[in-house]
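The values are calculated or read from the model by the stated rules, or taken from the named source; none is laboratory data. Here the structure is a predicted model, which is why all the values come from computation and not from measurement. Cβ placement follows ideal geometry from the backbone for every residue including glycine, while neighbour counts extend to all protein chains displayed. Only protein heavy atoms, including side chains, enter the accessible area calculation; ligands, DNA and RNA are left aside. Shrake-Rupley method; radii C 1.70, N 1.55, O 1.52, S 1.80 Å.
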Amino acid sequence: MPEIRRLLARAGVADPESLEAYRSLRGYEALTRATERGPAWVLSELEASGLLGRGGAAFPAGRKWRAVAEAGGRRRVVCNADESEPGTFKDRVLMEEDPFAVVEAMTIAGLTVGAEDGLIYVRGEYRLAATRLRQAIDQAERAGLLGADAAGTGRAFRIRVFRGAGAYICGEETALFNSVEGRRGEPRNKPPFPTQAGLFGDPTLVNNVETLCNVPVVLREGASGFRRYGTERSTGTKLWCVSGHVERPGLYEVPFGTTLGELLELAGGVWRGRRLQAVLCGGAAGTFLGPDRLDLPLTFEDLRTAGGTVGSGAVIVLDETASLWDVVLRVARFFQEESCGQCVPCRVGTQRQLEIVGRLASGRARPEDPQLLADIGAAMTDASICGLGQTAAGAVLSALTLQPLVPPSNSRGKGAQRAARGRPGESV
Amino acid sequence: MPIEPNPPAPATEREREAVDRAIAGLGVEPRRSDLLPLLHALQDELGWLPRGALHHLADRMNLPFPDVWGVATFYALLRLDPPHGTILHVCDDVPCRLRGADTLVHDLEARYGPPRRFAGEAHGAVRSGEGGAASRAPVDWETVPCLGRCEEAPVAVAGGRELGRVTADGIAAALRHSGGDA
Ligand SMILES: Cc1cc2nc3c(=O)[nH]c(=O)nc-3n(C[C@H](O)[C@H](O)[C@H](O)COP(=O)(O)O)c2cc1C
Ligand code: SF4
Ligand code: FES
């Protein structure tokens, strides 16, 4: 399947600091249509498009927009640009290369759901993205597209950029609210859901950068035009962040339904003519897929069936020489460091998981370790209050299915060492 | 994580001024939701967040000091002790490791001493905290999780400059350029 440039149509082509350049490549067409046809039309197109959230949870965008539009009182729009999932860089590219698209989409969101306040929560490390967004907001204000009378609708909508400060957990939507409110960025219990009580207690629409950037496409092409790419249940195109052992790491836009093998081919295939060992799909919160999965169509439904996830769109490629357990160890350390510590299963579970993976990675596995990992994983998945704890064991447990530990009787012998270290060769 | 000393350190003149200026920059009375932006502004100006400045900030915002302290200690990018050299962040997350970050980290350790945080990987135990007296190199460096530029792995940020497909020599050159005596 070919590469598509729909979300990436302007990236690297149009000057990201010029409203004129944005307009000359169909920028603000969608907002014009939205204001001509009104919120009801926007909501029905968005629902008919089947657009699912790209931030990890795959929630239907139209349904979320309608819930906020139908909520009473003061409402808010938040763009989640905290992007900190290891292996993920798509939102950074969108914000750096096409910042007006984010601004246009948020303006449509604000006018559709009846919010006056928009906020973009940008990961603290993304300085250029924050600068480009601020510049785009300034220009949009000067052109009357934002402000007291946004786009001539007589309705107010403003956007401000809020910088994070280095905490993966702040990408979780309710932790993000706490962070903005000047509290520690710890997740809240749900319900209430953000659409009911979000930022400052007001009904809040939270969408990922890539989700929002799809909205102008939906409104320009119409729902059926949007569905020209993708499958019945995974509509449109998807940005995949391909990294690791491929010839050409980078951001690739393809229709949903493109197979894993086709995506890897676009990235030049496994580097140095080597064979594929595994792909870590979805980032640290994702799962490993073995070389037998190259024919897997990349869709929400197919990945779920395969025990995987689209997650953040990270595709991390390991060649045959990589040490699988060193990679797993880094993932386990990530969760141990990023757990906010608020709830016990996650705080203790991520620590214990790291210790056990440390044993496996150094060839000192104990016979009971696989079962221990499974038990800890089950406890974290069932009893953690947020997605961090719920996904913290996914990659670890899926690695065990790719490289099962040898039977306990050999556990201190060569077999266990080999199983624990992966194949010899280039260290990771 | 540094422990809040008792009694608290008083703010220096420069620190008080930095806090007052940051608050004046808001143009309105500070609200609690201005806390993180104010901490960013303070760190941009002072290079870190001295205890005295945080006390003065808490006073000016009518917040209990522990609330300010609790937020300041939550975020990896906020510094509660003064950098002892040019700041260097080296990504050692999975995609960067697959592209040589492990070798890079070893090379940097040989040049600049141990990083601030270092996970004792072989044992799965995490040693955290300061690098110790041995790390008084002119470069204050640490390994960090994914910086979101994995297509250019391995990646580092040296003295505020983002570097892709980087080597230890490339980092040394960038540090020289940004005034670090490396
Ligand atoms: C630990 C954790 C981290 C998350 N990080 C992000 C993130 O960086 N960006 C993002 O858009 N969503 C992130 N999410 C998902 C958000 O909570 C939320 O579902 C999403 O922003 C909704 O937008 P969408 O419907 O457009 O996907 C994270 C969730 C969890 C549990
Ligand atoms: S699951 Fe982990 S990260 Fe989420 S709230 Fe609980 S302790 Fe914090
Ligand atoms: S892993 Fe290093 S930048 Fe993403």
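Numbers at a glance
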read-out	value
Residue match in the range A:367-375 (condition: in contact (Cβ under 8 Å) with a residue 24 or more places away in the chain, within 16 Å of ligand 3 (Cβ to nearest atom) and assigned to a helix (DSSP H, G or I))	no
Residues that are open to solvent by 60 Å² or more (accessible area, probe 1.4 Å) and in contact with a strand residue (DSSP E or B) (Cβ under 9 Å, 6 or more places away or on another chain), drawn from the range A:379-401	A:401
Criterion: within 28 Å of residue A:85 (Cβ to Cβ), part of a helix (DSSP H, G or I) and within 14 Å of chain A (Cβ to nearest Cβ) - qualifying residue of B:49, B:80, B:39, B:57	B:39
When residues of the range A:211-223 are limited to those that are touching a Lys or Arg at 6+ places or on another chain (Cβ under 7 Å) and aliphatic (A, V, I, L, M), the one surrounded by the fewest Cβ atoms within 10 Å (Cβ to Cβ)	A:217
Residue within the range A:84-94 that is assigned by TED's automatic domain parsing to the domain that holds residue A:197 and more than 25 Å from residue A:331 (Cβ to Cβ) present	yes
Residue list for the range A:189-210, filter: open to solvent by 10 Å² or more (accessible area, probe 1.4 Å) and assigned to a helix (DSSP H, G or I)	A:200, A:201
Check on residue A:176, under 30 Å from residue B:64 (Cα atoms) and at pLDDT 95 or above	yes
Single unsatisfied condition, residue A:154 versus (1) more than 14 Å from chain B (Cβ to nearest Cβ); (2) surrounded by fewer than 21 Cβ atoms within 10 Å (Cβ to Cβ); (3) assigned to a helix (DSSP H, G or I)	(3)
Residues (more than 7 Å from every other protein chain (Cβ to nearest Cβ), open to solvent by less than 10 Å² (accessible area, probe 1.4 Å) and more than 18 Å from the chain's Cα centre (by Cα)) located in the range A:324-345	A:324, A:325, A:328, A:332
Test: residue in the range A:158-171 that is under 23 Å from residue A:32 (Cβ atoms), touching a residue at least 40 places away in the same chain (Cβ under 8 Å), more than 16 Å from ligand 3 (Cβ to nearest atom) and not assigned by TED's automatic domain parsing to the domain that holds residue A:387	yes
Single residue of A:237, A:231 found to be open to solvent by less than 10 Å² (accessible area, probe 1.4 Å) and of a type in the set (S, T, N, Q)	A:237
Options A:186, A:221; residue that is acidic (Asp, Glu), closer than 24 Å to residue A:8 by Cα and either in the same structural domain as residue A:33 (by TED's automatic domain parsing) or touching a Pro at 6+ places or on another chain (Cβ under 8 Å) (or both)	A:221
Scan of the range A:167-186 for residues that are outside any helix (DSSP H, G or I) and surrounded by 24 or more Cβ atoms within 10 Å (Cβ to Cβ), ordered by number	A:167, A:172, A:185
Test: residue A:125 is within 11 Å of chain B (Cβ to nearest Cβ), within 16 Å of ligand 3 (Cβ to nearest atom) and surrounded by fewer than 24 Cβ atoms within 10 Å (Cβ to Cβ)	no
Number of the condition not met by residue A:226 [criteria: (1) within 16 Å of ligand 2 (Cβ to nearest atom); (2) surrounded by 24 or more Cβ atoms within 10 Å (Cβ to Cβ)]	(1)
Yes/no for residue A:77 being assigned by TED's automatic domain parsing to the domain that holds residue A:165 and in contact with a Lys or Arg (Cβ under 8 Å, 6 or more places away or on another chain)	no
Criterion: open to solvent by 10 Å² or more (accessible area, probe 1.4 Å), under 25 Å from the mean Cα position of the chain (by Cα) and farther than 22 Å from residue A:122 by Cβ - qualifying residue of A:42, A:13	A:13
Answer from A:313, A:363 - the residue that is away from ligand 1 (no atom under 16 Å from the Cβ), at positive phi and within 14 Å of another protein chain (Cβ to nearest Cβ)	A:363
